[in-house]
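Engineer: Sharing a structure below in structure tokens format, with a few things to ask.
No value in this document is a laboratory result; all are computed from the given coordinates. These numbers were taken from a predicted model, which means no experiment stands behind them. Note that we place each Cβ from the backbone using ideal geometry, even for glycine, and neighbour counts take in every protein chain shown.
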DNA sequence: GTAGGGTTAG
């Protein structure tokens, strides 16, 4: 008897003589679009499952069938529901399977483990492991890979590394390339480049040999660290070992050089790649375009985009977003908005990043009406505002002095369930201190110190700066001194902030001491340092000392910024004889 | 299992 089901197709309920599935047809690349055809003719097209109801209905139809359908059908079904993100339903169906005594296998259990991680229930994922044992199902490498991927996704790095070590030492099963890739990627993305490299070296000693995926992870980690020499060494190593580099390898290197602004090297590697018949794709071109835009060379970026189109590579939403950001950084909001509207016309949907870029552009230009309008537009969309959107608007409100609205906005943000991150707290601290709300800032700061969450050198720099600006130099200095005791290293900005703090109080000797400390700790004074000190001299009317300092500054290739120039103009206006004390200024002045 | 984008400090 054959019944016709509107969704599942004609033969879905056809009588099935054997439970075993014999053919898997993959019509499309998506994991959900798979047909399972049984010997008997039971034919389920999973692509026709459009919603949870469809899947559950199908489940209840197949559980009652005799003879029972293959376990593969249940695998596909659970995976389909998992793909729809109905995680709790995967679990309840799995429980129902167990209750009905439906046989399970390693695939089913791996899906359940993966599902628990997607639900952010690492503990439950672990609780599946005994089910393997009870049912005599051996752990396979996929089980461990799923566990490891889940642990990294949950940011449980220690647990993941421990599990991996156990896997290697106890030899429960042999880790494969994917296992190494998961662990190495998890470590490299958290800044542990050396540990990632160690694993590559460890692999060489074992049975699992590194392939290009593995090399790419390490090469990319070095590129992200700006250590291009190390990355190139590894590139040469792949060539020597006869592992051909691919487009990902070259894209990582090109991105690394773009971020360092080494455009000649970018060209060199572009040619090398093309000579090897590896052609740049939309990722590669977008990296170059982004690098150019970040340097303010949007016109050059547009040219690269024309070039890629000529080569048959279509720009995508990433590419256009990079160009939008370039225009926003130059304050050319109209151009950015054109691009935004243009891509909509081209049927390319702007994503959360495109929105955030444009919202940030408006905020930086203090156009909060437009920014809020986009925010509300985004709220209606499927890709809701994320933490970056909230941070951007929050910063914008503080920037224009709407402190009350910033507070309300923050509360509103919390009510949507958004979780404040490192940036959020930095923005709040800076916002409070900018408007003299020292108590609010300190109470938040103390809370952050207590929980040790979302706190780092940047938070300390913000607090030190804010305290200095609010006339609390002593307190700022005490926090600065505390840093080293806590094992948190001050960076160049920390020193500049302290130097500025001393200069603001006219304590130039202390400022100079701090400058020396800065140099002792390996930070050369930069343009900001020099400008801070010059402003300090000017504030105290110490013109001749400033003149000496200026000569040193000019010799090191530094120059006055807008604030210092403004200071100087005021000083000269009040006391023109200053000009006679500094002959170099005459030249500058005439210019 | 590998590559591209957005938010904080001097």
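Engineer: Quick one: grab the alpha carbon gyration tensor of segment A:286-351, order the square roots of its eigenvalues as a ≥ b ≥ c, and give me rounded if a/c is under 1.5, else prolate or oblate depending on whether a/b is larger than b/c.
Structural biologist: Numbers: a/c = 1.86, a/b = 1.04, b/c = 1.78.
Since a/c reaches 1.5 but b/c is at least a/b, the shape of segment A:286-351 is classed as oblate.
Engineer: Just subtract the alpha-carbon distance of residue A:365 and residue A:262 from 0.36 nm times their residue separation and send over the number in nm, one decimal.
Structural biologist: 34.0 nm
Engineer: In Å, what Rg and Dmax follow from the Cα atoms of segment A:460-561?
Structural biologist: Rg, Dmax (Cα atoms, Å): 13.3, 40.
Engineer: What's the angle, to the nearest 10 degrees (0 to 90), between helix A:508-520's Cα axis and the longest principal axis of chain A?
Structural biologist: With rounding to tens, the tilt is 40 degrees.
Engineer: If you take the beta carbon distance between residue A:439 and residue A:573 as r and set R0 to 45 Å, what does 1/(1 + (r/R0)^6) give as a FRET efficiency, to the nearest 0.05?
Structural biologist: On the way: r = 39 Å, r/R0 = 0.86.
FRET efficiency, residue A:439 to residue A:573: 0.70.
Engineer: Roughly speaking, what % of Cα-Cα pairs in segment A:327-382 are separated by over 16 Å, rounded to a whole number? Mind showing how you got there, number by number?
Structural biologist: Details: 574 of 1540 pairs.
That fraction is 37 percent.
Engineer: For all pairs of alpha-carbon atoms in segment A:391-518, what percent lies in each bin of width 10 Å, listed from the first bin to the last filled one?
Structural biologist: Going from the shortest bin to the longest, the percentages are 13, 42, 31, 12, 2, 0.
Engineer: Helix A:193-205 sits at what angle to the longest principal axis of chain A, using alpha carbons and giving 0 to 90 degrees rounded to 10?
Structural biologist: Relative to chain A, helix A:193-205 is tipped by roughly 40 degrees.
Engineer: Cα atoms only: what Rg and Dmax, in Å, come out for segment A:45-186?
Structural biologist: Calculated on Cα positions, Rg and Dmax stand at 15.9, 47 Å.
Engineer: Report, please, the projected area of segment A:230-282 averaged over directions, based on the convex hull of its C-alpha atoms, in nm².
Structural biologist: On the way: hull surface 14.3 nm².
One quarter of the hull surface, i.e. the mean projection, equals 3.6 nm².
Engineer: Could you tell me the relative contact order of chain A? Use alpha-carbon pairs under 8 Å, at least six residues apart, and round to a whole percent. Mind showing how you got there, number by number?
Structural biologist: Values: 698 pairs, mean separation 23.6, N = 591.
Reported relative contact order: 4 percent.
Engineer: Semi-axes, largest first, in whole Å: what does sqrt of 5 times each Cα gyration tensor eigenvalue give for segment A:247-308?
Structural biologist: After scaling each eigenvalue by five and taking roots: 18, 13, 9 Å.
Engineer: Taking 0.36 nm per residue of separation and subtracting the Cα-Cα distance, what length does fully extending residue A:157 through residue A:96 add?
Structural biologist: 18.6 nm
Engineer: Sequence gap at least 6, Cα distance under 8 Å: using those rules, report the relative contact order of segment A:440-511 to the nearest whole percent.
Structural biologist: Values: 51 pairs, mean separation 19.7, N = 72.
Here the relative contact order equals 27 percent.
Engineer: How are the alpha carbon pair distances in segment A:469-511 distributed across 10 Å bins from zero to the largest one, expressed in percent?
Structural biologist: It works out to 29, 57, 15, in whole percents.
Engineer: How much FRET efficiency would the formula 1/(1 + (r/R0)^6) give for residue A:207 and residue A:554, where r is the Cβ-Cβ distance and R0 is 51 Å, rounded to 0.05? Walk me through the intermediate numbers first.
Structural biologist: Details: r = 62 Å, r/R0 = 1.22.
Taking R0 as 51 Å, the efficiency between residue A:207 and residue A:554 is 0.25.
Engineer: Still on this structure, I have one more. Calculate log10 I(q)/I(0) of segment A:312-408 for q = 0.18, 0.23, 0.25 Å⁻¹, where I(q) comes from the Debye formula with a single equal point scatterer on each Cα and nothing for solvent.
Structural biologist: -0.78, -1.20, -1.36
Engineer: Ok, one more. Against the globular-protein guess of 2.2 N^0.38 Å, express the Cα radius of gyration of segment A:143-186 as a ratio, rounded to two decimals.
Structural biologist: Numbers: Rg = 9.2 Å, N = 44, 2.2 N^0.38 = 9.3 Å.
Dividing the Cα radius of gyration by 2.2 N^0.38 Å gives 1.00.
Engineer: When the helices in chain A are scored as -39500 (n - 2.57) per DSSP H run of 4 or longer and the sum is shared across all residues, what 222 nm value do you end up with, to the nearest 500 deg cm²/dmol? Kindly include the intermediate steps, with their values, before the conclusion.
Structural biologist: Numbers: 32 runs with 404 residues, N = 591.
Helices in chain A give a 222 nm mean residue ellipticity of -21500 deg cm²/dmol.
Engineer: In whole Å, what is the distance between the alpha-carbon centres of segment A:492-554 and segment A:96-127?
Structural biologist: One Cα centre to the other: 62 Å.
Engineer: Measure nothing fancy, just the Cα-based angle from helix A:473-486's long axis to the longest principal axis of chain A, in degrees from 0 to 90, nearest 10.
Structural biologist: It is inclined by approximately 40 degrees.
Engineer: Another question about this same structure. How long are the three semi-axes of the equivalent ellipsoid of chain A, in whole Å, if each is the root of 5 times an eigenvalue of the C-alpha gyration tensor, listed from largest down?
Structural biologist: Numbers: eigenvalues 623, 154, 147 Å².
Working through the eigenvalues yields semi-axes of 56, 28, 27 Å.
Engineer: Over segment A:448-491, what per residue volume does the convex hull of the Cα atoms give, in whole Å³? Could you put the intermediate results ahead of the total?
Structural biologist: Values: hull volume 3.1 nm³, N = 44.
Dividing the Cα hull volume of segment A:448-491 by its residues yields 70 Å³.
Engineer: Another question, then. Quote the relative contact order of segment A:294-343 in percent (integer), defining contacts as alpha-carbon pairs under 8 Å separated by 6+ residues. Numbers along the way, then the final one.
Structural biologist: Values: 31 pairs, mean separation 19.0, N = 50.
It comes to 38 percent, rounded to a whole number.
Engineer: So what's the projected area for segment A:158-220, the Cα convex hull averaged over all directions, in nm²? All intermediate terms of the calculation are to be shown ahead of the outcome.
Structural biologist: Numbers: hull surface 15.5 nm².
Taking a quarter of the hull surface, the average projection is 3.9 nm².
Engineer: Hey, with R₀ at 45 Å, roughly what FRET efficiency would residue A:403 and residue A:177 work out to, going by the Cβ-Cβ distance, to 0.05? Please list the in-between numbers first.
Structural biologist: On the way: r = 54 Å, r/R0 = 1.19.
Once the sixth-power term is evaluated, E becomes 0.25.
Engineer: If you don't mind, another one. Extending each Cα 7 Å along its Cβ direction at residue A:140 and residue A:380, get the distance between those two points in nm, one decimal.
Structural biologist: Calculated label separation equals 4.9 nm.
Engineer: Give me the Kirkwood hydrodynamic radius of segment A:199-336, using the inverse of the mean 1/r over all pairs of distinct Cα atoms, in Å to one decimal. Each step should come with its number before you reach the end.
Structural biologist: Numbers: mean 1/r = 0.0631 Å⁻¹.
When all Cα pairs of segment A:199-336 are included, the Kirkwood radius is 15.9 Å.
Engineer: Measure out, as a whole number of angstrom, how far apart the alpha-carbon centroids of segment A:160-180 and segment A:406-431 sit.
Structural biologist: 40 Å
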